[in-house]
Amino acid sequence: MCISLAVLEKVVREAGTIALTHFKNLKDLEVSKKSPRDFVTEADVAVEAFLKEALAREYPQFGFWGEESGKTENQSSRWVVDPIDGTHSFSRGQYFWALSVALEIDGELVAGAVYAPALGDYYCAEKGKGAWKNGQPITVSSETDLGAAMVCTGFACLRNYLEQNNLERFCRIARVTTGQRRFGCAAMDVCLVADGQIDAFWEQELNLYDIAAGALIAKEAGATVTDFQGNAGVFPKQILVTNGKILDQILPLM
Ligand code: IPD
Ligand code: CA
Ligand code: CA
């Protein structure tokens, strides 16, 4: 492995401390909009600047792609970063938001970390080596019945302009499942499948930085990661993550 998960954890936890400092002082937080429903705060920018600098200091050989600062030159082996996933929740003082950092080499996800500082949960994975939550190995749930399942989704901020806007799909699936959740943080949504807290998550119109680290963590925990047709792979424009046992039941409803 070309990086140390311990070094990655040190850097991501330090970045989490910066986010928490802003989170504890929301009344002074500068919030602006990138589009009518897409928020960015000074915390997103500060956390990303720290991650970019710290990761380049530890591993100068890799490029960087961050939601707020864009792409550096080297994009064949790069960090794929969302400094705060769940910015709207963060800005409103809710606890469900996370930092997401993945290492992608020649198109393959090899390491990833998702850290929710307000919840105190740190998820990570290494390709072929497994997935962990707060240092403990994690695996997906054993639920085999979609009817008894708890599922989660999200609605892209562009939904007004999308013909296929996930609302009808949500209604179809909500009619046949027991629990439905919308947490507002795609990176954590995927990690909850990895940790067996929910049985499936799907969303469309995401970006790779929203789900790269979570997708590796979920795969290493035994999840299926596909598009809405069941093709294996990480497809941000339509991602479906399940515990594997309910995949064939949910696919016809996608
Ligand atoms: C958002 C969150 C949300 C999802 C949105 C994303 P952001 O990321 O992941 O759950 O529904 O589509 O844009 O903007 O808070 O980093
Ligand atoms: Ca995001
Ligand atoms: Ca973000």
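The values are calculated or read from the model by the stated rules, or taken from the named source; none is laboratory data. The structure displayed is predicted, hence computed values, not measured ones. Note: ideal-geometry Cβ built from the backbone for every residue, glycine included; neighbour counts use all protein chains shown. Surface areas here come from the heavy atoms of the whole protein model, side chains and all, with no ligands, DNA or RNA. Shrake-Rupley method; radii C 1.70, N 1.55, O 1.52, S 1.80 Å.
The single condition from (1) in a helix (DSSP H, G or I); (2) within 20 Å of Tyr123 (Cβ to Cβ) that Glu53 fails is (2). The strands (runs of 3 or more DSSP E) falling completely within region 106-212 that include 1 or more residues that are of a type in the set (A, V, I, L, M, F, W, C) map to 108-116, 121-126, 130-133, 150-153, 200-204. Where residues in region 213-224 are outside any helix (DSSP H, G or I) and open to solvent by 10 Å² or more (accessible area, probe 1.4 Å), which of them is farthest from ligand 2 (Cβ to nearest atom)? Within region 213-224, the match that is farthest from ligand 2 (Cβ to nearest atom) is Gly222.
Being of a type outside the set (A, V, I, L, M), farther than 15 Å from Glu14 by Cα and at pLDDT 95 or above is the filter here, so list the residues in region 26-52 that pass it.
Result: Lys27, Asp28, Glu30, Ser32, Thr41, Glu42.
Per-residue answers, yes or no, for (1) of a type outside the set (S, T, N, Q); (2) within 17 Å of Ala98 (Cα to Cα); (3) in contact with a helix residue (DSSP H, G or I) (Cβ under 6 Å, 6 or more places away or on another chain):
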site	(1), (2), (3)
Arg169	yes, no, no
Ile173	yes, no, yes
Thr178	no, no, yes
Gly222	yes, no, no
Gly230	yes, no, yes
Phe235	yes, no, no
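Scanning region 69-81 for residues that are open to solvent by 50 Å² or more (accessible area, probe 1.4 Å) and either aliphatic (A, V, I, L, M) or within 16 Å of ligand 1 (Cβ to nearest atom) (or both) returns a single hit, Ser69. Can you find a residue in region 211-227 that is touching a residue at least 24 places away in the same chain (Cβ under 8 Å) and over 23 Å from Gly128 (Cβ atoms)? Scanning region 211-227 turns up no residue that is touching a residue at least 24 places away in the same chain (Cβ under 8 Å) and over 23 Å from Gly128 (Cβ atoms).
The residues of region 226-254 that are open to solvent by 10 Å² or more (accessible area, probe 1.4 Å) and assigned to a strand (DSSP E or B), listed by number, are Ala232, Gln238.
For region 36-56, taking the residues that are more than 13 Å from ligand 2 (Cβ to nearest atom) and under 19 Å from Asp210 (Cβ atoms), the one that is surrounded by the fewest Cβ atoms within 10 Å (Cβ to Cβ) is identified as Pro36.
Annotation: of all residues in region 82-98 being more than 9 Å from ligand 3 (Cβ to nearest atom) and outside any helix (DSSP H, G or I), the one that is surrounded by the most Cβ atoms within 10 Å (Cβ to Cβ) is Ala98.
Does at least one position in region 149-170 carry a residue that is more than 16 Å from ligand 2 (Cβ to nearest atom), small (Gly, Ala, Ser) and surrounded by 23 or more Cβ atoms within 10 Å (Cβ to Cβ)? Taking every residue of region 149-170 in turn, at least one turns out to be more than 16 Å from ligand 2 (Cβ to nearest atom), small (Gly, Ala, Ser) and surrounded by 23 or more Cβ atoms within 10 Å (Cβ to Cβ).
Considering every residue within region 63-79, establish whether at least one is of a type in the set (A, V, I, L, M, F, W, C) and either without any contact (Cβ under 8 Å) to a residue 12 or more places away in the chain or part of a helix (DSSP H, G or I) (or both). For region 63-79, residues of a type in the set (A, V, I, L, M, F, W, C) and either without any contact (Cβ under 8 Å) to a residue 12 or more places away in the chain or part of a helix (DSSP H, G or I) (or both): absent.
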